[in-house]
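Quick notes on the structure that follows.
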Amino acid sequence: MNKEILLIEDDLSLQKTVADYLNSSGFTCVCAASIAEGKLLFDKKFYPIVLLDLGLPDGDGLDCIPFIKSIWDQTGVIIISARDKLEDRVDGLNLGADDYLVKPFHLSELNARINVILRRNPHFDKSTLSFEEIEIDTYLNSIKISGIPVEFSRKEFDLLLYFFENKNRVLTKENLYEHVWGENSVFMDNSDFIYTHINRLRRKIKKHTGKNYIKTVHGIGYKLQNQ
């Protein structure tokens, strides 16, 4: 299991205290001190848990939640904030946060809440998904085909993971657009756009397996199935 945690907190003293505790508890804590820095780190790598302060120097941490969930909706977001008003809690949870912890808090309680989220999310119970010769590590963001690491772009990875999660199920172009690019994507009406990405996936898979596992279901969409 990937035990990396992204901590977005501008209080450097608290940041160090939390990071040191989590590192000593078996996690790897990566720190950011602003929304911009946190988004940059999260956009490059998947973190199963994000600890998010609200009062950040470049804005309200609440604005980070939709961004995080749009990239990896299975990420657990725990808000850590001195703001203890009911409306802040409600706003955070409505935006997709999984928990809300008011400062000051006991580090042992933070640890417990992190582990609750990890235990209840099935994505964290099994980091590797397999289909025929293809293996996806959802925490290292890596793909192996026949045991050989193969490079995929971020969107190709997202597409293939979505197919893995829906094996033998027909996915419409609309399904794929909404899951990977968002329902308001400017590419929604461009049929060639999704076709191009599907073909890239097929070429990479076929290069290493000699097989085409992503089938076209004419007039509907695509599905992942064995030969």
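Things worth noting here:
- Charge tally around P48: other residues with Cβ under 9 Å, Lys/Arg +1 each, Asp/Glu -1 each, net 0.
- Between E132 and V116, full extension at 0.36 nm per residue minus the direct alpha carbon distance yields a gain of 2.5 nm.
- Spin-label model distance (nm) - V217 vs L95, 7 Å beyond Cα toward Cβ: 3.7 nm
- Of K3/K144; K44/K204; K167/K215, those spanning more than 18 Å from alpha-carbon to alpha-carbon: K3/K144; K44/K204
- In this structure, the amide hydrogen of I5, modeled 1.01 Å from its nitrogen in the peptide plane, lies closer than 5 angstrom to those of T28, C29, V30, counting only residues at least 5 positions away or on a different chain.
- Point-to-point label distance, L86-N166, nm (Cα→Cβ direction, 7 Å offset): 3.9 nm
- Computed [θ] at 222 nm, deg cm²/dmol, the chain (DSSP H ≥ 4; -39,500 (n - 2.57); rounded to nearest 500): -12000 deg cm²/dmol
- For the stretch 52-179: relative contact order, % (alpha-carbon pairs under 8 angstrom, 6 or more apart): 14 percent
- For the stretch 156-161, 3J(HN,Hα) computed residue by residue from phi via the Karplus equation (6.51, -1.76, 1.60; θ = phi - 60°) reads 5, 4, 4, 4, 5, 4 Hz, glycine and proline entered as x.
- Relative pair counts by distance (%), Cα atoms of the stretch 1-152, 5 Å bins: 2, 9, 19, 22, 20, 13, 7, 4, 3, 1, 0
- Nearest 10 degrees, 0 to 90: helix 191-209 Cα axis against the chain principal axis: 80 degrees
- FRET efficiency, K45 to S25 (Cβ-Cβ, R0 22 Å, nearest 0.05): 0.60
- Label reach from R200 (point 7 Å along Cα→C-beta): in the stretch 130-160, amide nitrogens under 14 Å belong to 151-160.
- Length-normalised contact order of the chain in % [C-alpha pairs under 8 Å, at least 6 apart]: 14 percent
Computed from the coordinates by the stated procedures, all read-outs in this text should not be read as laboratory data. Remember, it's a predicted structure, so these values are computed and weren't measured experimentally. Heads up, the Cβs are rebuilt from the backbone with ideal geometry, glycines too, and the neighbour counts pull from every protein chain shown.
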